[in-house]
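Each remark here refers to the structure printed beneath this line.
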Amino acid sequence: AQTVTQSQPEMSVQEAETVTLSCTYDTSESDYYLFWYKQPPSRQMILVIRQEAYKQQNATENRFSVNFQKAAKSFSLKISDSQLGDAAMYFCASPPGNYGGSQGNLIFGKGTKLSVKP
Amino acid sequence: DSGVTQTPKHLITATGQRVTLRCSPRSGDLSVYWYQQSLDQGLQFLIQYYNGEERAKGNILERFSAQQFPDLHSELNLSSLELGDSALYFCASSARTGDPRGGGNTIYFGEGSWLTVV
């Protein structure tokens, strides 16, 4: 079965500092997207950033960036200049494999709860 | 606002009952996904529809069923409810089934429907 592993159940960061959340996956596809979603206390799932696996360049969205290591199947999220509003659960997601254009669903890791200290 | 609309937002019902959750995808999106988020199981993929047809099935119980209508809205039917069915049910949508080169599988989530079975 395809899996997504987030090895850090909880992380804490000081406001304005940088934190990195880890994720590994094991899809067998060669071309795919990877995603980080944020779930604040409101429980809404918010797309943070996505990475195209066939691109070498790491994706960046403002203070959020990824470190994508395709060979290692590693996809970490770096949050720079952390803000109080970044406190949330963060989920890494990847396709289940056997993409073939017939599926688009994602498999999610169990999440990392990020706390931001003022 | 993701553009995905779910109703109702909250629902309390008794064991053995049946409920229907409704979802309107983002304008133009053909794929609809249903996910269940519970405390012990994390975020679980239930089922995907693409343009009215079932495209992928995950960990969906036989007591649960879904459909996507010609106007592309979707309904998730949960029957013979048990206490363990209490969870947050998300609907999500994407433009296509999943073309990694087209970016069509970026999934956008609704705010979820909280189901409490008592």
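Brief remarks follow.
- Semi-axes of the equivalent ellipsoid for the range B:1-60, Cα gyration tensor, largest first, Å: 21, 16, 12
- Shape of chain B, Cα gyration tensor, a/c cut at 1.5: prolate
- Computed magnitude of the charge dipole of chain B (debye, nearest 20; Cβ of K, R +1, Cβ of D, E -1): 100
- Residues with amide H under 5 Å from that of residue A:8, placed H, sequence gap 5 or more: A:22
- Residue A:88 long-range amide H proximity, modeled H, under 5 Å: A:114
- Taking all Cα pairs closer than 8 Å and separated by 6 or more residues, the relative contact order of chain A comes to 37 percent.
- Whether the protein assembly as shown is rounded, prolate or oblate, judged on the alpha carbon gyration tensor where a/c under 1.5 counts as rounded: oblate
- Distance violations [Cα-Cα > 20 Å] among A:55/A:78; A:55/A:110; A:38/A:113; A:38/A:70: A:55/A:110; A:38/A:70
- Computed 3J(HN,Hα) for the range A:58-69, one whole-Hz value per residue from the Karplus formula 6.51 cos²θ - 1.76 cosθ + 1.60 where θ = phi - 60°, is 6, 6, 9, 9, 6, 7, 9, 9, 10, 10, 9, 10, glycine and proline marked x.
- Once exposed loop trypsin sites (Lys or Arg not before Pro) are cut out (DSSP; at most 16 other Cβ, 10 Å), longest piece of chain A: A:1-42
- Magnitude of the charge dipole for chain A, about its Cα centre and with charges confined to Cβ atoms of Lys, Arg (+1) and Asp, Glu (-1), is about 120 debye.
- Average projection area in nm² (convex hull over Cα atoms of chain A, one quarter of hull surface): 7.1
- What the Cβ-Cβ distance of residue A:78 and residue B:7 gives, at R0 = 41 Å and to the nearest 0.05, is a FRET efficiency of 0.65.
- Loop sites by DSSP among the GluC sites (Glu not before Pro) of chain A, restricted to those with at most 13 other Cβ atoms within 10 angstrom, leave A:18-118 as the longest stretch without any of them.
- Using θ = phi - 60° in the Karplus curve 6.51 cos²θ - 1.76 cosθ + 1.60, the 3J(HN,Hα) couplings for the range B:22-29 round to 10, 9, 10, x, 4, 4, x, 6 Hz; x is entered for Gly and Pro.
- When exposed loop sites are taken as GluC sites (Glu not before Pro) in a DSSP loop with at most 13 other Cβ atoms within 10 Å, the longest stretch of chain B clear of them is B:1-61.
- In the range B:18-81, the trypsin sites (Lys or Arg not before Pro) that fall in loop regions by DSSP, at most 12 other Cβ within 10 Å: B:18
- Estimated inter-spin distance, residue B:15 and residue A:7, nm [label 7 Å along Cα→Cβ]: 4.2
Only the coordinates and a few stated rules stand behind these numbers; no lab work does. Just so it is clear, the structure is predicted and the values come from calculations on it, not from any experiment. All Cβ positions, glycine included, derive from the backbone under ideal geometry; neighbour counts span all protein chains shown.
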